[in-house]
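Here is the structure we will look at, set down as structure tokens.
The values are calculated or read from the model by the stated rules, or taken from the named source; none is laboratory data. All values derive from a computational prediction rather than experimental measurement. As a convention, Cβ positions derive from the backbone with ideal geometry for all residues, glycine included, and neighbour counts pool all protein chains shown.
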């Protein structure tokens with residue numbers, strides 16, 4: 001096959017039009033064709049795609065494992081508060097997966113906690129650390145159940161569409177990130193349609209699916225997580241002493257048994273394809289204050305310097321009513337409230 005590869009390279013150098021045609025041809029190349037020619041054409045296609053695209057599946061567009069972990073560490077230390085378990089588990093799991101040149105399966109993470117606890121925020125941090133274009137990368141797919149899968153009677157249609165879209169993304173870059181939000185309102189059995197892409201199976205149609213990262217987001221198990229955190233507080237235990245083992249088994253069982261959700265009796269859990277069920281603890285006032293200060297710094301307005309973070313936090317609801325320990329909405333309302341306070345300060349200065 002050496003002569004074939006050599007002739008092909010000569011042909012490509014002499015004719016850009018033929019090059020583009022060959023690149024398109026590779027996408028539909030029969031599976032039984034000689035591996036050497038397939039490999040040559042695959043490399044040609046990748047090179048051409050990169051030439052005519054604004055993003056390629058290598059540096060600087062897709063960062064190395066070391067650069068990704070270093071950037072994620074920086075983000076977590078400066079912008080992510082009150083979630084020591086999530087931070088530690090994600091950094092460790094992600095580092096192991098990215099540094100493995102030949103993983104046996106994709107990395108599958110499931111984030112659990114109340115709204116505002118930081119699930120989506122952390123998922124976006126991972127994406128921003130891995131890709132130069134962040135969430136705008138062509139190698140990222142983010143699905144929201146209420147928008148993408150609203151009709152429970154169209155599960156088969158959604159499954160087929162999901163498989164095609166994910167395979168297309170993996171064909172463009174094997175280091176893809178797929179995020180599923182609102183698992184708790186996703187039609188049951190939907191995720192069964194992508195089990196083959198999450199499992200240890202051999203490559204499907206020459207697409208390497210094993211370097212991908214899947215992240216599921218939901219509030220399933222939030223009551224259990226809150227109860228464990230509350231019990232620890234009442235017992236006088238340090239929140240930071242809570243460990244992964246205090247939550248993993250309970251949250252995984254809650255997920256599998258949750259009725260009318262995307263995880264209900266799903267084969268993804270049944271086949272043990274979710275690597276880590278990661279708990280997001282309810283946030284206390286001190287964590288909300290850290291969120292407020294970080295947002296004031298981000299806004300950068302001169303009026304922010306005169307705003308006391310506590311005046312912002314006071315507009316948020318804490319519960320239970322008798323002890324006001326946890327923020328009812330985590331840090332979800334912080335950005336809007338900070339903007340409100342900055343605007344109010346500007347108006348006072350102008351009058």
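Return yes when residue 137 is more than 30 Å from residue 228 (Cβ to Cβ) and touching a strand residue (DSSP E or B) at 6+ places or on another chain (Cβ under 8 Å) and no when it is not. The answer is yes for residue 137. Kindly indicate which of 47, 137, 78 is at pLDDT below 95 and under 18 Å from residue 174 (Cβ atoms). Step by step, each of 47, 137, 78 is checked, and only 47 is at pLDDT below 95 and under 18 Å from residue 174 (Cβ atoms). Just one of the numbered conditions (1) over 21 Å from residue 117 (Cα atoms); (2) in contact with a strand residue (DSSP E or B) (Cβ under 8 Å, 6 or more places away or on another chain) is not true of residue 341; which one? The number of the failed condition is (2). Counting only helices (runs of 4 or more DSSP H) that fall entirely inside region 245-351 and contain at least 1 residues that are out of contact with any helix residue (DSSP H, G or I) (no Cβ under 8 Å at 6 or more places or on another chain), the qualifying elements are 248-257, 285-299, 334-350. Selection over region 217-244 of residues that are part of a helix (DSSP H, G or I), farther than 29 Å from residue 143 by Cα and touching a helix residue (DSSP H, G or I) at 6+ places or on another chain (Cβ under 8 Å) gives a count of 7. Taken over region 197-238, residues that are surrounded by fewer than 21 Cβ atoms within 10 Å (Cβ to Cβ) and within 24 Å of residue 105 (Cα to Cα) amount to 11.
Quick grid of which residues meet (1) outside the structural domain of residue 83 (by TED's automatic domain parsing); (2) within 23 Å of residue 92 (Cα to Cα):
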site	(1), (2)
244	no, yes
260	no, no
301	yes, no
331	yes, no
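Residues that are surrounded by fewer than 17 Cβ atoms within 10 Å (Cβ to Cβ) and on the phi > 0 side of the Ramachandran plot do occur in region 241-261, at least one of them.
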